[in-house]
Ligand SMILES: [Zn+2]
């Protein structure tokens with residue numbers, strides 16, 4: 001609880017992460033909505049939204065390929081930018097927030113170190129989760145029981161989550177060490193109680209987001225402009241909360 | 001006189017002019033089934049024959065150079081041929097042939113060993129390209145003397161069939177077996193037109209005569225078997241058991257055997273229903289049986305008669321043998337339930353079940369030639385599927401925010417087709433590019449027949465299918481037979497529509513090209529050369545809107561169409577246009593501004609290839625589905641970013 005309270009006090013850090021995600025939303029939403037309107041709002045689909053919208057509007061002229069490429073490139077840029085921001089965020093988590101320009105300066109200082117740490121911890125994680133998926137997939141494939149693919153999918157995802165928490169824990173420890181020592185440092189330390197607290201915050205953060213995302217989908221799949229706005233707001237609360245709990249998990253290790 | 005003699009002769013024949021007696025044993029380890037079959041075939045035509053061609057379709061899977069393998073590139077509906085292991089291939093080997101009890105093995109040849117096979121006239125000359133040598137999917141027995149009209153011949157064939165690793169309808173996966181096209185089957189003799197015996201192609205399916213079947217299958221004790229026909233006896237010998245099935249009036253026999261099958265049963269009127277499903281699918285049994293019963297009722301309504309046999313088996317293959325799924329045989333079909341996670345709002349497994357059952361009408365009883373006229377089984381049956389699904393469920397995809405019925409699916413598929421073909425072609429004659437075969441054999445007939453239904457009204461439309469079924473059940477109807485029924489039941493225009501659907505690329509596409517709604521301006525200037533005096537108050541009340549709608553007929557059918565104008569105050573106005581002259585302008589006044597102009601608002605022309613141009617919207621709504629869709633996608637990206645940056 002102490003970690004959560006201190007992150008609430010440093011809510012500006014959460015807001016910085018959230019604003020990055022809001023920017024991502026706007027960068028995708030504005031061109032998409034404009035495209036749909038320009039292509040279809042004066043046609044049949046402006047009055048009757050039927051499934052034909054997909055082949056007749058989205059399927060024409062390679063728009064989907066352009067949109068997908070745009071989304072993927074934007075995501076890549078945002079990932080890099082997030083790694084960049086994390087230098088400043090970790091620095092602030094260790095001391096105190098000294099304004100956005102200072103945060104950016106710290107971010108720049110640690111960017112390459114953080115990028116290296118990210119790659120170093122992600123690759124073994126990807127290999128391990130890939131191997132798990134392959135193993136569980138093969139168990140599912142060889143079983144006559146048709147519930148097995150679902151059981152194995154759940155098992156594989158659970159194992160992947162456990163691996164991710166371990167690697168995230170080490171990755172976070174390494175990032176604090178790197179800030180402290182001003183050079184790239186790795187960490188595979190394990191403190192039982194601290195790890196459990198870290199895992200708890202991480203799990204809560206994901207569950208919080210999933211709950212709000214589910215509520216948002218419920219709102220969006222029913223008619224009405226009011227529900228559309230509600231759906232958007234609910235999702236944004238979910239994202240903010242997820243960032244809050246995530247930073248709390250990091251704070252535990254500072 | 002000759003004809004009378006022939007008639008008397010035919011009348012004195014046993015009930016079925018074709019009889020199969022098959023006795024085989026499954027070897028699960030070797031993935032083979034072997035034994036003997038006795039075929040009693042009678043020449044019921046007025047022409048003699050000196051050959052007997054056999055279908056040996058399992059040889060399509062014997063290597064990667066068969067016509068099927070080359071045409072398909074070793075792929076079938078997303079499943080791949082297993083070419084890495086010899087075990088993955090299959091074959092049907094003829095070991096011994098007796099004709100009327102006498103050894104005739106020296107008279108038997110696989111078609112690949114027949115010099116100048118075209119001269120036999122059993123398949124079409126354009127059926128195989130030069131680069132594919134005839135494969136072994138046809139076998140020819142030469143008779144020592146011609147079989148005259150009315151004469152009967154008895155063939156006793158010893159054979160071994162090796163199942164391929166299942167990827168296209170038939171084969172094995174571990175201990176699972178789906179036996180389709182597994183025994184030597186005699187081709188269809190059409191008298192003066194000769195034998196009809198095509199190679200096994202990638203696209204085409206099957207064609208055979210109605211027969212009486214008695215099949216004795218020996219399998220290990222712990223196997224559960226499902227098959228065409230009725231189970232007559234079951235005997236045990238050591239650790240095997242022999243199940244004997246028999247049935248009259250079917251033109252194929254399929255079976256499945258697996259030591260993991262679970263069985264659910266139900267009834268529809270007089271029919272005992274069996275569902276064979278894999279462990280883990282317990283939760284889907286209710287959905288599958290509901291779909292099956294919906295199919296029985298839907299097709300009974302469409303064709304005017306209940307399914308006549310007393311038994312039906314639905315096989316739900318395991319996902320690992322998905323290549324066996326979605327296939328029809330008489331009295332037994334395979335469905336497909338790829339994952340237990342498919343939500344009940346997505347009725348694709350239901351749709352497959354309805355479709356495959358429907359083939360028991362369009363193929364099973366109305367036994368058209370699937371090689372040459374794929375639209376007669378696939379096209380009519382795809383319409384039947386959409387009809388039965390619509391009747392029971394309304395939608396195939398049924399979310400509050402997205403609904404789609406079978407006609408929508410077919411229209412979208414056909415709408416994307418840009419190729420040069422039309423449905424009235426043999427399966428191998430379709431250009432391989434652009435999904436021509438499936439769009440034209442399945443989708444185009446579905447939406448054109450729906451259009452015909454809307455144009456004629458349900459009663460008249462059903463009359464066509466009722467007549468067609470009554471006249472041609474248990475026969476081999478041709479496209480001309482169907483066209484004749486359409487003409488006699490619904491008239492020339494209906495027949496012209498169906499004929500052009502089959503043999504031309506003619507389409508229907510109505511469009512609203514312009515719609516305007518402007519405030520009526522005050523009358524200014526001179527009237528009868530004198531200045532106009534304005535009573536401003538009075539004019540304010542009288543001022544309304546001047547509206548214009550221009551509609552175009554961009555299609556090839558000059559059919560009448562209705563046009564609807566909707567206004568801001570909720571009122572509507574309807575117009576009709578005879579569809580002639582290319583385009584038409586409607587001008588009219590209204591008190592409220594027009595918000596949208598729609599051509600064919602009741603969607604009579606279900607085959608209209610573009611919906612986008614069917615309306616002009618003057619007043620687009622804000623909280624629209626388009627905004628929601630954009631919002632949904634953007635939030636999804638946000639969430640993916642957030643979740644996947646777990647450790648960042
Ligand atoms: Zn079909």
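The values are calculated or read from the model by the stated rules, or taken from the named source; none is laboratory data. Nothing here was measured: the structure is a model prediction, and the numbers come from that model. Note that we place each Cβ from the backbone using ideal geometry, even for glycine, and neighbour counts take in every protein chain shown.
What to note about this one:
- With a requirement of 1 or more residues that are away from the ligand (no atom under 16 Å from the Cβ), the strands (runs of 3 or more DSSP E) lying completely within region B:303-390 that satisfy it span B:311-315.
- Members of region B:132-180 found to be surrounded by fewer than 19 Cβ atoms within 10 Å (Cβ to Cβ) and within 14 Å of another protein chain (Cβ to nearest Cβ), listed by number: B:174, B:175
- Residue B:445 vs. criteria part of a loop (DSSP other than H, G, I, E, B), within 16 Å of the ligand (Cβ to nearest atom) and touching a helix residue (DSSP H, G or I) at 6+ places or on another chain (Cβ under 6 Å): no
- Residue list for region B:309-334, filter: in contact with a strand residue (DSSP E or B) (Cβ under 6 Å, 6 or more places away or on another chain) and under 18 Å from residue A:146 (Cα atoms): B:314, B:315, B:316, B:317, B:320, B:321, B:323, B:324, B:325, B:334
- Residues being within 14 Å of chain A (Cβ to nearest Cβ) and buried (at least 17 other Cβ atoms within 10 Å of the Cβ) are entirely absent from region B:490-505.
- Hey, residue B:549 in contact with a helix residue (DSSP H, G or I) (Cβ under 9 Å, 6 or more places away or on another chain), more than 30 Å from residue A:79 (Cβ to Cβ), modelled with pLDDT of 95 or more and buried (at least 18 other Cβ atoms within 10 Å of the Cβ) or not: no
- Residue check, residue A:197 within 11 Å of chain B (Cβ to nearest Cβ) and out of contact with any strand residue (DSSP E or B) (no Cβ under 8 Å at 6 or more places or on another chain): no
- Hey, residue B:402 closer than 30 Å to residue B:625 by Cα and either surrounded by fewer than 24 Cβ atoms within 10 Å (Cβ to Cβ) or within 15 Å of the ligand (Cβ to nearest atom) (or both) or not: yes
- Put simply, of A:187, A:168, A:156, A:205 the only residue that is under 15 Å from residue A:120 (Cβ atoms) and at pLDDT 90 or above is A:168.
- When the criteria are applied in full, residue B:409 fails the requirement of being away from chain A (no Cβ under 14 Å) and out of contact with any strand residue (DSSP E or B) (no Cβ under 8 Å at 6 or more places or on another chain).
- Selection from region B:420-442 of residues that are more than 24 Å from residue B:125 (Cα to Cα) and away from the ligand (no atom under 16 Å from the Cβ): B:434
Here's the yes/no breakdown for (1) over 20 Å from residue B:316 (Cα atoms); (2) in contact with a helix residue (DSSP H, G or I) (Cβ under 6 Å, 6 or more places away or on another chain); (3) assigned by TED's automatic domain parsing to the domain that holds residue B:121; (4) without any contact (Cβ under 8 Å) to a residue 24 or more places away in the chain:
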| site | (1), (2), (3), (4) |
| --- | --- |
| B:196 | yes, no, yes, no |
| B:200 | yes, yes, yes, no |
| B:255 | no, no, no, no |
| B:271 | no, no, no, no |
| B:277 | no, no, no, no |
| B:281 | no, no, no, no |
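- Selection from region B:61-81 of residues that are in contact with a strand residue (DSSP E or B) (Cβ under 8 Å, 6 or more places away or on another chain) and at negative phi: B:61, B:62, B:68, B:72, B:76, B:79, B:81
- Restricting attention to region B:594-613, the residues that are within 7 Å of chain A (Cβ to nearest Cβ) and more than 31 Å from the chain's Cα centre (by Cα) total 1.
- Residue within region B:263-283 that is within 16 Å of the ligand (Cβ to nearest atom) and touching a strand residue (DSSP E or B) at 6+ places or on another chain (Cβ under 7 Å) present: no
- Those residues of region A:106-143 which are within 11 Å of another protein chain (Cβ to nearest Cβ), crowded, with 19+ Cβ neighbours inside 10 Å and in contact with a helix residue (DSSP H, G or I) (Cβ under 8 Å, 6 or more places away or on another chain), in sequence order: A:114, A:117, A:118, A:121, A:125, A:140
- Some residue of region B:614-624 being modelled with pLDDT of 90 or more, surrounded by 17 or more Cβ atoms within 10 Å (Cβ to Cβ) and more than 7 Å from every other protein chain (Cβ to nearest Cβ): yes
- Within region B:312-326, residues that are under 12 Å from residue B:276 (Cβ atoms) and within 14 Å of chain A (Cβ to nearest Cβ) reach partners that are assigned to a helix (DSSP H, G or I) and within 16 Å of the ligand (Cβ to nearest atom) with beta carbons closer than 6 Å, at six or more positions or on different chains, in the pairs B:317/B:324.
- The criterion of at least 2 residues that are within 14 Å of chain A (Cβ to nearest Cβ) and within 20 Å of residue A:44 (Cα to Cα) is met, among strands (runs of 3 or more DSSP E) falling completely within region B:553-593, by B:561-567.
- Long-range neighbours under 6 Å by Cβ, at least six apart or interchain, first residue over 22 Å from residue B:644 (Cα atoms) within region A:60-73, second assigned to a helix (DSSP H, G or I): A:64/A:58
- Within region B:357-377, residues that are more than 14 Å from chain A (Cβ to nearest Cβ) sit with their Cβ atoms under 6 Å from residues that are within 11 Å of the ligand (Cβ to nearest atom) and in a loop (DSSP other than H, G, I, E, B), at 6+ positions apart or across chains, in these pairs: B:370/B:205; B:377/B:370.
- Just one of the listed residues (B:227, B:216) is surrounded by 22 or more Cβ atoms within 10 Å (Cβ to Cβ) and either in contact with a strand residue (DSSP E or B) (Cβ under 7 Å, 6 or more places away or on another chain) or more than 16 Å from residue B:365 (Cα to Cα) (or both), namely B:227.
- Taken over region A:77-107, the residue count meeting the criterion of being under 14 Å from residue A:118 (Cβ atoms) and in a loop (DSSP other than H, G, I, E, B) is 0.
- Any hit, region B:232-245, residues being surrounded by 17 or more Cβ atoms within 10 Å (Cβ to Cβ), under 27 Å from the mean Cα position of the chain (by Cα) and closer than 27 Å to residue B:321 by Cα: no
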